[in-house]
Amino acid sequence: EAQVTQNPRYLITVTGKKLTVTCSQNMNHEYMSWYRQDPGLGLRQIYYSMNVEVTDKGDVPEGYKVSRKEKRNFPLILESPSPNQTSLYFCASSPRQMGNTEAFFGQGTRLTVV
Amino acid sequence: GNSVTQMEGPVTLSEEAFLTINCTYTATGYPSLFWYVQYPGEGLQLLLKATKADDKGSNKGFEATYRKETTSFHLEKGSVQVSDSAVYFCALRDSNSGYALNFGKGTSLLVTP
């Protein structure tokens, strides 16, 4: 089954404790991205990757890192999480970055930073 | 820059009522337009799309027409069901912004029996 898999689904952590949210897709997609979803703000892009070893900042990259060492994986790293990073995070992938291509989303990771 | 504006929710309707969720956009190029739906506890999934002016996207009884003259892509359904309760996002991709997906803020729909 074609899918984007995120782990964990839920995470509660303390301020400053490094964490990684994993994302993996089995569709051989070139393009992957991370979004955060906050009430009243919709989805905002954090980082994206056009292909292996090619990453770039989205609209809200501060406090986040990513890497793309393999085509299928695109982990999101929070080196020193803070409470304002409490949010619902989604990973997405697309075959390529073109005008009419559909994005496939993971089920989301709800992160709480206390 | 590009932006998408959706009507604020939540929208509450009775089963079999007519649904309209308004969406207007601003884009510098020739965008493709999308509606995504997010069911409770799930990720977003594509509902329908339209890639050029006057195209109509349709799926599961939902429809939206790409209106370039009014820069709109309103979502409609003639008779909603309880199972349509979800959050609906309007979005666009535009070549002038590297085809990044720009989302509206989402409209929550609750359909009651």
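The values are calculated or read from the model by the stated rules, or taken from the named source; none is laboratory data. Values in this document were obtained by computation on a predicted structure and should not be read as measured data. Glycine gets a Cβ as well: all are built from the backbone with ideal geometry, and neighbour counts include every protein chain shown. Remember, those area values only see protein heavy atoms, side chains included, never the ligands or the DNA or RNA. Shrake-Rupley method; radii C 1.70, N 1.55, O 1.52, S 1.80 Å.
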Item to check | Where labels lie 7 Å past Cα in the beta-carbon direction, separation of B:Asn22 and B:Thr51 in nm | outcome: 3.0
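When the dipole is taken about the Cα centre of chain B, and only Lys, Arg (+1) and Asp, Glu (-1) are charged at their Cβ, what size is it in debye, to the nearest 20? Don't skip to the end; give the middle numbers.
Details: 9 positive and 11 negative charges, 66 e Å.
Charge dipole, chain B, about its Cα centre: 320 debye, nearest 20.
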Next on the checklist: Give me the percent relative contact order of chain A, please, defined on Cα pairs under 8 angstrom at least 6 residues apart.
Outcome noted: 36
Checklist outcome for this item: Residue by residue through the stretch B:55-63, the couplings from Karplus 6.51 cos²θ - 1.76 cosθ + 1.60 with θ = phi - 60°, in Hz, x for Gly and Pro, are 5, 10, x, 8, 5, 6, x, 8, 9
Item to check | Student exercise, chain A dipole from Lys, Arg, Asp, Glu Cβ charges, in Debye to nearest 20 | outcome: 260
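Report in % the part of the accessible area of chain A that belongs to carbon and sulfur, leaving out ligands and nucleic acids; probe 1.4 Å.
Working: 2740 of 5530 Å².
So the carbon and sulfur contribution to the accessible surface is 50 percent.
DSSP loop trypsin sites (Lys or Arg not before Pro) in the stretch B:53-113 with at most 16 other Cβ atoms within 10 Å of their Cβ, which ones?
Passing both the DSSP loop test and the Cβ count: B:Lys60, B:Lys68.
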Next on the checklist: Excluding ligands, DNA and RNA, what is the accessible area buried between chains A and B, summed over both sides, using a 1.4 Å probe, to the nearest 100 Å²?
Outcome noted: 1600
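Shielding of B:84-90 by partners, i.e. mean partner chain Cβ atoms within 10 Å per residue? Could the numbers behind the result be given before it?
Values: counts 0, 0, 0, 2, 0, 3, 1.
So the per-residue partner count for this stretch is 1.
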Item to check | Within the accessible area of chain B (1.4 Å probe), percent carbon and sulfur | outcome: 48
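Mind checking the per residue accessible area of the protein assembly as shown for me, 1.4 Å probe, whole number of Å²?
On the way: 10670 Å² over 227 residues.
Accessible area per residue: 47 Å².
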Item to check | Amide H contacts under 5 Å for B:Glu15, placed H, 5+ residues apart | outcome: B:Thr112
Next on the checklist: Multiplying the sequence separation of A:Thr22 and A:Ile77 by 0.36 nm and subtracting their Cα-Cα distance, what value in nm do you get?
Outcome noted: 18.9 nm
Next on the checklist: For a quick check of understanding: with a 1.4 angstrom probe and all protein chains in place, what accessible area in square angstrom does B:Ser95 have, to the nearest ten?
Outcome noted: 60
Checklist entry - Taking +1 at the Cβ of each Lys and Arg and -1 at the Cβ of each Asp and Glu, which of B:Tyr99, A:Thr55, A:Gln45 sits farthest along the dipole of the protein assembly as shown towards its positive end, judged by Cα position relative to the Cα centre? => result A:Thr55
Next on the checklist: With unit charges on the beta carbons (Lys and Arg positive, Asp and Glu negative) and the dipole taken about the Cα centre of the protein assembly as shown, which residue among B:Val80, B:Leu109, A:Val14 sits farthest to the positive side?
Outcome noted: A:Val14
Next on the checklist: Please report the spacing between the Cα centers of the stretch B:9-42 and the stretch A:48-65 in Å, no decimals.
Outcome noted: 27
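Rounded to the nearest 20 debye, what is the charge dipole size of the protein assembly as shown about its Cα centre when +1 sits on each Lys and Arg Cβ and -1 on each Asp and Glu Cβ? The partial results should precede the final answer.
Working: 22 positive and 21 negative charges, 130 e Å.
With only Lys, Arg, Asp and Glu charged at Cβ, the dipole is about 620 debye.
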Next on the checklist: Counting only protein heavy atoms, probe 1.4 Å: which residues of the stretch A:23-59 lose 50 Å² or more of accessible surface in the full assembly compared with their chain by itself?
Outcome noted: A:Leu43
Checklist entry - Who wins for biggest fluctuation among A:Phe90, A:Phe104, A:Phe74 in a Gaussian network model of chain A, springs between alpha carbons below 10 Å? => result A:Phe104
Checklist entry - Averaged across the residues of B:36-45, what count of C-beta atoms belonging to other chains lies within 10 Å of each residue's C-beta? => result 5
Checklist entry - Near the amide H of B:Leu48, under 5 Å away, which other amide H atoms are found, from residues 5 or more places off or on another chain, if H is placed in the peptide plane? => result B:Trp35
Checklist entry - Using modelled backbone amide H atoms (1.01 Å from N, in-plane), which distant-in-sequence or interchain residues come within less than 5 Å of A:Tyr31's amide H? => result A:Ser94, A:Arg96
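Give me the extension gain from A:Val114 to A:Glu53: residue separation times 0.36 nm, minus the current Cα-Cα distance, reported in nm with one decimal. Could you put the intermediate results ahead of the total?
Working: separation 61, 0.36 × 61 = 21.96 nm, distance 3.26 nm.
Value of the extension gain: 18.7 nm.
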Checklist entry - How much accessible surface area, in Å² rounded to 10, belongs to the heavy atoms of B:Thr28 with a 1.4 Å probe? => result 90
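Of A:Met32, B:Met7, A:Met50, which has the most accessible area and how do the rest follow, probe 1.4 Å? Present the calculation step by step, with values, prior to reporting the outcome.
Details: A:Met32 0, B:Met7 60, A:Met50 85 Å².
Sorted descending by solvent-accessible area, the residues read A:Met50, B:Met7, A:Met32.
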